[in-house]
Amino acid sequence: MKQLLWVTTALTISASAAFASGPQLYTETVVETVAMTTPAPWQGLYFGGSLGFGASNYDMSAAYDAPTPPLNVDLNLPDLGGEGAFVGLQAGYNHQMSDRIVVGLQLDGTFTGITNDTALNATLGTNTLSATYDLSPSTIYTLAARVGYLTSPDTMVYGLLGYSRANYSGDLNVSINGTSVFADDYSFSMDGAAIGVGMETRLSARTTLGVEYRYNHMGRYELYNGPLGLAASDTLNAGFDASIHTARVFLNYSF
């Protein structure tokens, strides 16, 4: 009986304390999840190197004019050219605009062994005019914009449009009846446009492998413009329109 009394008393005291303390409030803990943004796989700086093969093309033309006795000779030699291998270095930046579109800017330098050896012979009355020249676009620097389309998350096809400066080196020898009238080693630069297409695929998170074809149109260069001395007040104007075709394989590292 005493034990029952003690238990009843204890329960009454506990209930009174709970009632006195008022109702219990429970708060729900809300855990916010923060979405982690993944960097675009084709975004950022990159640098790399390339190997390839190229061809230079020259459309030669020359005009000789002598007023006394009257003589006009025009000479056109299209599609003269040379071939050779090259190495290159490039650096640039890509910006991935969407899941499919990538735009970027690239600066590259190409160091070539493309060389052309040409000999010209023309008969002017009783005189024979001969000219030989060696010509090479030894270095080509290009600043270009690229616009790419992702055919898959790891593969991009792109077009390229930019500005190029080609530094040429060579030598020219002009002779009449076997006697040299002009001989010189020379170097000069030409500015032109670059256009190309390529494909680049991802090998790993930071490395890509690509292939590219590029065409450089360099405009016209005057080789010689002056008198030859075959007749009084005679002149010779000789020059060429130049272009360069290249195909390359390149490897880029991004960071």
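The values are calculated or read from the model by the stated rules, or taken from the named source; none is laboratory data. Remember, it's a predicted structure, so these values are computed and weren't measured experimentally. Glycine also receives a Cβ, built like all others from the backbone with ideal geometry; neighbour counts cover every protein chain displayed. For accessibility, only protein heavy atoms count, side chains too; no ligands or nucleic acids. Shrake-Rupley method; radii C 1.70, N 1.55, O 1.52, S 1.80 Å.
May I ask you to verify whether D108 is of a type in the set (D, E), part of a strand (DSSP E or B) and surrounded by fewer than 13 Cβ atoms within 10 Å (Cβ to Cβ)?
On the way: of a type in the set (D, E): yes; part of a strand (DSSP E or B): yes; surrounded by fewer than 13 Cβ atoms within 10 Å (Cβ to Cβ): no.
So D108 does not fit the description; no.
If you scan segment 116-155, which residues turn out to be open to solvent by 60 Å² or more (accessible area, probe 1.4 Å) and assigned to a strand (DSSP E or B)? Write out each step before concluding.
Step one: list which residues in segment 116-155 are open to solvent by 60 Å² or more (accessible area, probe 1.4 Å), which gives 117, 119, 121, 123, 125-126, 132, 141, 143, 147, 149, 151, 153-154.
Listed by number, the residues that qualify are D117, A119, N121, T123, T132, Y141, L143, V147, Y149, T151.
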Go through the residues of segment 193-210 one by one and say whether even a single one is loosely packed, with under 14 Cβ neighbours inside 10 Å, out of contact with any helix residue (DSSP H, G or I) (no Cβ under 6 Å at 6 or more places or on another chain), touching a residue at least 60 places away in the same chain (Cβ under 8 Å) and not hydroxyl-bearing (S, T, Y).
yes
Residue that is farthest from the chain's Cα centre (by Cα), among those in segment 44-91 that are open to solvent by less than 30 Å² (accessible area, probe 1.4 Å) and among the aromatic types (F, W, Y):
Y64
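Say we look at segment 211-239 and pick out the residues that are in contact (Cβ under 8 Å) with a residue 12 or more places away in the chain and small (G, A, S); which of these is farthest from A66 (Cα to Cα)? Before the answer, list the steps.
Here is the first cut: in segment 211-239, the residues in contact (Cβ under 8 Å) with a residue 12 or more places away in the chain are 211-225, 228-239.
From what's left, small (G, A, S): 219, 229, 231-233, 238-239.
Values: G219: 28, G229: 10, A231: 6, A232: 7, S233: 6, A238: 15, G239: 18 Å.
Checking each candidate, the answer is G219.
Every residue in segment 222-232 that is closer than 15 Å to L124 by Cβ and open to solvent by 30 Å² or more (accessible area, probe 1.4 Å), please.
Restricting attention to segment 222-232, the residues satisfying the condition of being closer than 15 Å to L124 by Cβ are 227-232.
Correct list: P227, G229, L230, A232.
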Would a scan of segment 163-182 turn up a residue that is over 30 Å from A131 (Cα atoms) and open to solvent by less than 70 Å² (accessible area, probe 1.4 Å)?
no
